[in-house]
Amino acid sequence: MSATDNGARLRRKIEEEALQLPAGQPNLVVILAQDLWMSPDSLADLLANAEEIVSEYHKVTALVLTGEDFRSVASSARKIGDSLCAVSDRDGLVHKQLLILNRSCPEMFPASTLEKLYVAFSH
């Protein structure tokens, strides 16, 4: 599947969720994005594409892309700018999360909530 197809699919998923979100408050959208995690794109490319797409949706304060895999990996979490990429191996599955902040959203989470999000998605 091409990066264009993956980007279009992600855009549709975010748009569907964004239509349901209330305005005037920070909103978190979590999307199962197995196809994006399985694509040959690098993490840097995935992050750049997702940041560009989510920036179009001003009611989405933060986006989490999740996926699972069967390969064994060492658990890790690393911040990339304002984003967080976390990989954990539990229940016989590798869980992957990419937390992306949308800086074009006028409503931001309070710092304490943002820190809780980083902690929650880093495990």
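Here, each number is a calculation from the coordinates, and none is a lab measurement. Computed from a predicted model, the values in this text were never measured in an experiment. Every residue, glycine as well, gets a Cβ built from its backbone with ideal geometry; the counts of neighbours run over all protein chains shown.
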Exercise for the section: Could you please let me know if S112 is surrounded by 13 or more Cβ atoms within 10 Å (Cβ to Cβ) and out of contact with any Phe, Trp or Tyr (no Cβ under 7 Å at 6 or more places or on another chain)? Expected result: no
Practice task
Just name the residue that is surrounded by the most Cβ atoms within 10 Å (Cβ to Cβ) out of those in the range 16-44 that are among the charged types (D, E, K, R) and either touching a Ser or Thr at 6+ places or on another chain (Cβ under 8 Å) or over 14 Å from L65 (Cα atoms) (or both).
Solution key: D41
Practice task
State yes or no: is L43 farther than 19 Å from T113 by Cβ and free of Cβ contacts under 8 Å to residues at least 40 places away in the same chain?
Solution key: no
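Conditions (1) part of a strand (DSSP E or B); (2) closer than 24 Å to A8 by Cα; (3) of a type in the set (A, V, I, L, M, F, W, C); (4) in contact (Cβ under 8 Å) with a residue 12 or more places away in the chain, marked per residue:
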| residue | (1), (2), (3), (4) |
| --- | --- |
| E52 | no, yes, no, no |
| H58 | no, yes, no, yes |
| V64 | yes, yes, yes, yes |
| G67 | yes, yes, no, yes |
| V73 | no, no, yes, yes |
| R78 | yes, no, no, no |
| V87 | yes, no, yes, yes |
| V94 | yes, no, yes, yes |
